[in-house]
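Undergrad: Here you go, one structure.
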Amino acid sequence: MEKVVVSIADDRLDRLPEVVAALRAAGLVVDDVLEALGLVTGAVRAGGLAALAAVDGVLDVERQRGVRVLPPEGP
Amino acid sequence: MSQPTSTETTGRYLVLLESGSTAASVRELDHVAGIQVASTTDTVAEQIASSDGLIFHELGIALVDATPDQLPGLNRAVDEPGPVLAVEAERVVHAITATDQDADVTAVDESAFTWGLQAVRANLSTATGKGIRVAVLDTGFTVAHADFVGRTVTTSSFIPGEAVDDAHGHGTHCVGVSCGPRKPASGPGYGVAYEAEIFAGKVLSNAGSGSDGGILAGIEWAIANGCAVISMSLGAATRPGTAYSAIFEQAASRALAKGTLIIAAAGNESRRPGSVNPVGHPANCPSIMAVGATDVQGALGFFSCGTVDAVGAVDVVAPGVDVYSSWNAAPGTKRLQGTSMATPHVAGVAALMAERYGARGFELWARLAQTARRLPLPSTDVGAGLVQAP
């Protein structure tokens, strides 16, 4: 499974649950629905990103990046 | 007439005219001083050459030759009703010569306040951050820290299986710089917005790592809680030419529209003077304010990422070398360096501005950039310059 973030188009934000249901049907295991940001986070099987991107109302799909505390640490 | 005393003048005069009164002005200049002006819309070169001056229509200004006996008539016209509003002697202007600015090498007295608070002039501001909510998304916070007794602190962990308590230390340091105390039990005051409400979101594990999903969840939490400012001393290095995240850009843009400004560390991947590396993810998004780091002498930190591509600009800088703040372990404070330390300085100043002006979102961004102290360094490294408290 790959961790992904999906962004929803502005004109679909008022019907977010429908889009989320469609994302689930397209293979997304939802972690979080971030309503204020119009984003959905979750995981999808390898190679499943294209199916999510094809869902009506989806703007972008990105793989989640690893993010770290920034080095250098200490004086 | 305004007569510059110390400036070199040409002997010609600039006449400010009432807007939309060109024809009347031409007659008036002839009438009051016998000056024949041509218009820049005149196409006949001889007409311009034979005249005593020119009218710039778009500007509503005439540039005229006036002999000493014509000048009194012009000056009278300013005082009398009519289209002539002002007369100034035309100045000679030169290209501005760049001069070296001596670095301020004065050692800073840190007995009362850290050098960072002094550099952003937070110690001189009457704003405190009171009533403003500041979210610090990092490795969590040492909730029981003695320097934060009595403070309003709201926490949430977005790291599965880890409580918000900061076993790393980085988050506690960042909370300290942005919102810590001015009069701790010992040592200098180190917090910029010392009466702000603290929202400490743990989006990085105790090992110092996290992922996009947790950060976005933290941003959502901060917006839902009405935080005016989000401070993110985190990131992932990027290579030159890498596109920014369309999704983070959208999130940041939606956050701005909801009155929440996201401020993020530019990154520490440069090794100056030899190598300058680009602003990292997610600070490279246009709608996220990217922060570089300066030292006590106003020089750029050797590690501070720079503007390498057409997008991914450094927007402002703040103190990020030898920064004293709270820590998760004894003795409770520590000195660190990095754009991680510069970022909460900007977040704190943003909170002071949010309080002082009621500014939110893009207005807050504009005020930070507008009032930043310009530095004699490339804009690609420092953006608008060193942020300054209101």
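The values are calculated or read from the model by the stated rules, or taken from the named source; none is laboratory data. These numbers were taken from a predicted model, which means no experiment stands behind them. Please note: Cβ atoms are built from the backbone with ideal geometry, for glycine as well, and neighbour counts cover all protein chains shown.
Undergrad: How many residues are farther than 12 Å from B:L261 by Cα and surrounded by 24 or more Cβ atoms within 10 Å (Cβ to Cβ) if we restrict to segment B:354-365? First the steps, then the outcome.
TA: Step one: filter segment B:354-365 for residues farther than 12 Å from B:L261 by Cα, giving B:355-358.
The next check asks that each one be surrounded by 24 or more Cβ atoms within 10 Å (Cβ to Cβ); those that pass are none.
Here the count works out to 0.
Undergrad: On to the next question. Of the numbered conditions (1) facing chain A (nearest Cβ under 9 Å); (2) in contact with a Cys (Cβ under 6 Å, 6 or more places away or on another chain), B:A255 satisfies every one except a single condition; which is it?
TA: Tallying (1) facing chain A (nearest Cβ under 9 Å); (2) in contact with a Cys (Cβ under 6 Å, 6 or more places away or on another chain), B:A255 fails exactly one: (2).
Undergrad: Considering only segment B:200-229, state which residues are closer than 18 Å to A:G38 by Cα and part of a loop (DSSP other than H, G, I, E, B).
TA: The answer is B:N225, B:G226, B:C227.
Undergrad: Going by the structure shown, is B:V136 more than 29 Å from the chain's Cα centre (by Cα), in the same structural domain as B:Y324 (by TED's automatic domain parsing), at pLDDT 95 or above and under 23 Å from B:E355 (Cβ atoms)? Spell out how you get there, then give the answer.
TA: Numbers: more than 29 Å from the chain's Cα centre (by Cα): no; in the same structural domain as B:Y324 (by TED's automatic domain parsing): yes; at pLDDT 95 or above: yes; under 23 Å from B:E355 (Cβ atoms): yes.
No.
Undergrad: Also: If you take the residues of segment B:74-84 that are over 15 Å from B:V26 (Cβ atoms) and surrounded by 12 or more Cβ atoms within 10 Å (Cβ to Cβ), which of them is farthest from the chain's Cα centre (by Cα)?
TA: Of all residues in segment B:74-84, those over 15 Å from B:V26 (Cβ atoms) come to B:75-76, B:78-81.
Retained after the next criterion (residues that are surrounded by 12 or more Cβ atoms within 10 Å (Cβ to Cβ)): B:75-76, B:78.
Numbers: B:N75: 43, B:R76: 46, B:V78: 41 Å.
Among those residues, the one meeting the criterion is B:R76.
Undergrad: Related question: Just wondering, is there one or more residues in segment A:2-14 that are assigned to a loop (DSSP other than H, G, I, E, B) and at the interface with chain B (Cβ under 7 Å from one of its Cβ atoms)? If you could, list the steps in order and put the result at the bottom.
TA: Applying the first criterion (assigned to a loop (DSSP other than H, G, I, E, B)) to segment A:2-14 yields A:9.
Okay, now just the ones that are also at the interface with chain B (Cβ under 7 Å from one of its Cβ atoms), so none.
No, there is no match, as no residue in segment A:2-14 is assigned to a loop (DSSP other than H, G, I, E, B) and at the interface with chain B (Cβ under 7 Å from one of its Cβ atoms).
Undergrad: Just to be sure I understand, how many residues within segment B:208-236 are surrounded by fewer than 24 Cβ atoms within 10 Å (Cβ to Cβ), small (G, A, S) and more than 9 Å from every other protein chain (Cβ to nearest Cβ)?
TA: Number of matching residues: 1.
Undergrad: Could you please find all residues in segment B:185-207 being away from every other protein chain (no Cβ under 14 Å), among the charged types (D, E, K, R) and crowded, with 20+ Cβ neighbours inside 10 Å?
TA: Initially, segment B:185-207 is screened for residues away from every other protein chain (no Cβ under 14 Å), giving B:185-200.
With among the charged types (D, E, K, R) added as a condition, the list becomes B:195, B:197.
Across segment B:185-207, the qualifying residue is only B:E197.
Undergrad: Give segment A:23-72 a look and list any residue that's facing another protein chain (nearest Cβ under 7 Å), touching a Leu at 6+ places or on another chain (Cβ under 7 Å) and not in a strand (DSSP E or B), or say none.
TA: Within segment A:23-72, A:L37, A:G38, A:L70 meet the criteria.
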